[in-house]
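Asks: Below are the structure tokens for one structure; questions will follow.
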Amino acid sequence: MRAWLLDDLTGIGSLRLAEVPDPIPQQGEVILRLHYASLNPADRYLAERQYPAKPALPHILGRDGMGTVERLGPGVTLLQPGDRRVVLRSEVGVNRPGTFAERVAVPVDDLVEIPAGWSDPEAAGATLVYLTAYQALTMWGALPRDSLVLVTGASGGVGVAAVQLARAMGHRVIALSRSDEKSRRLRELGATNTFDPGSPDWQRSAKAAIAPRRVDLAIDNIGGKLLPEVIDLLGDLGKVSVVGRLAGPVSEFNTATLFFRRIRIGGVAVGAWTRAESRAVWGEVLRLLSSVDARPLVDSVFPFGDLAKAFGRLAQGPMGKVVVAVAGG
Ligand SMILES: NC(=O)c1ccc[n+]([C@@H]2O[C@H](COP(=O)([O-])OP(=O)(O)OC[C@H]3O[C@@H](n4cnc5c(N)ncnc54)[C@H](OP(=O)(O)O)[C@@H]3O)[C@@H](O)[C@H]2O)c1
């Protein structure tokens with residue numbers, strides 16, 4: 001089969017398309033012939049040695065994907081060749097070969113059905129980002145309906161998922177994006193207000209728009225200098241769910257900003273959930289999305305051979321998920 005191989009941890013620039021032996025399914029696993037796979041910033045972090053996982057090299061990146069079951073390993077009775085499935089967040093593409101390949105071996109417990117009415121590319125990129133967004137929204141306990149939720153990097157995979165789920169939970173969403181066009185799309189997706197974090201007066205405009213209230217929960221995909229600015233908008237007992245750090249470390253941070261409003265900051269780790277937890281949460285995510293008739297947003301679909309261009313699009317800042325068409329690509 002064809003697969004994108006990562007020979008070393010010097011970055012995605014060293015990925016190469018190669019012919020490799022097909023995977024062999026072990027006990028409880030199936031071989032999924034991939035139709036679509038989707039990209040995540042963590043693929044790049046892993047390739048740059050910025051991620052805890054240290055898989056055997058050469059490694060195949062890619063955590064998300066959908067396809068058709070082609071072969072059953074020993075002990076598999078619940079699936080049949082020809083069944084179509086999506087990879088739920090798992091070790092696929094982390095500590096075991098991933099979905100940037102024509103075939104991948106996946107434990108059956110890490111596969112879920114394709115949600116009714118979703119296209120194949122929509123299904124291919126959904127599981128990791130929705131599970132992450134759900135954890136970010138719920139990790140502090142139940143938020144009362146109509147809470148004010150601010151999402152940074154709201155146009156990205158996790159951001160769009162967070163906007164949609166927060167709306168489905170009945171909250172009011174403030175979305176941050178550096179792009180006017182993506183801000184317009186975010187309002188269509190349900191954000192009440194959007195602001196450009198690159199604008200010097202965005203905090204003043206945001207405070208005026210939500211006055212007399214303050215933000216109850218911030219979901220931060222960005223870090224860097226934006227995190228202290230977001231903390232400034234929080235109200236008493238405000239919380240920050242830290243998902244990502246696309247703008248890098250937070251260099252100047254005054255811990256005193258946490259004292260008087262008793263602000264809490266906590267890390268999100270979608271990989272910390274057990275399989276059973278991930279499956280249960282996925283069911284809840286689907287229930288929430290269907291309650292508001294929402295579905296995943298695909299930014300773009302690249303041919304399999306254009307994985308480098310797809311990573312380029314991810315680095316630019318997509319509107320939803322960046323996907324590669326493995327079959328026929
Ligand atoms: N903790 C976890 O369990 C977990 C799980 C999944 C993802 N993550 C992390 O969460 C972060 C977001 O993931 P994602 O899949 O949503 O990423 P993504 O699809 O690449 O989107 C991120 C968005 O953030 C904005 N952005 C990108 N770089 C930026 C910068 N330097 N400064 C300001 N804004 C920037 C862009 O929006 P605009 O162009 O519209 O501004 C972009 O669309 C990543 O760091 C990822 O590794 C963590």
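FYI, it's all coordinate maths here, none of it is from the lab. Model, not experiment: these values are computed from the prediction. Neighbour counts are summed over all protein chains in view; Cβ atoms, including those assigned to glycine, are modelled from backbone coordinates with ideal geometry.
Asks: Checking L15 against (1) within 16 Å of the ligand (Cβ to nearest atom); (2) farther than 30 Å from T77 by Cβ; (3) surrounded by 15 or more Cβ atoms within 10 Å (Cβ to Cβ), which single condition isn't satisfied?
Replies: L15 satisfies every listed condition except (1).
Asks: Among residues belonging to the stretch 213-222 that are part of a loop (DSSP other than H, G, I, E, B) and within 12 Å of the ligand (Cβ to nearest atom), point out the one that is surrounded by the fewest Cβ atoms within 10 Å (Cβ to Cβ).
Replies: My answer is I222.
Asks: Can you give me the ranges of the strands (runs of 3 or more DSSP E) entirely in the stretch 223-307 with at least 2 residues that are away from the ligand (no atom under 16 Å from the Cβ) and surrounded by fewer than 19 Cβ atoms within 10 Å (Cβ to Cβ)?
Replies: 234-242
Asks: Could I ask something else about it? When both residues are 6+ apart or on different chains and their Cβ atoms are under 6 Å apart, which pairs have a first residue that lies in the stretch 157-179 and is in contact (Cβ under 8 Å) with a residue 12 or more places away in the chain and more than 23 Å from G198 (Cβ to Cβ), and a second that is more than 8 Å from the ligand (Cβ to nearest atom) and charged (D, E, K, R)?
Replies: Listed pairs, sorted by first residue: G170/R145.
Asks: Might you let me know whether the stretch 29-44 holds any residue that is in a loop (DSSP other than H, G, I, E, B) and without any contact (Cβ under 8 Å) to a residue 40 or more places away in the chain?
Replies: There is no residue in the stretch 29-44 that is in a loop (DSSP other than H, G, I, E, B) and without any contact (Cβ under 8 Å) to a residue 40 or more places away in the chain.
Asks: Criterion first (more than 30 Å from S155 (Cα to Cα), touching a residue at least 60 places away in the same chain (Cβ under 8 Å) and assigned to a strand (DSSP E or B)) does I24 satisfy it?
Replies: When the stated conditions are applied, I24 does not pass them.
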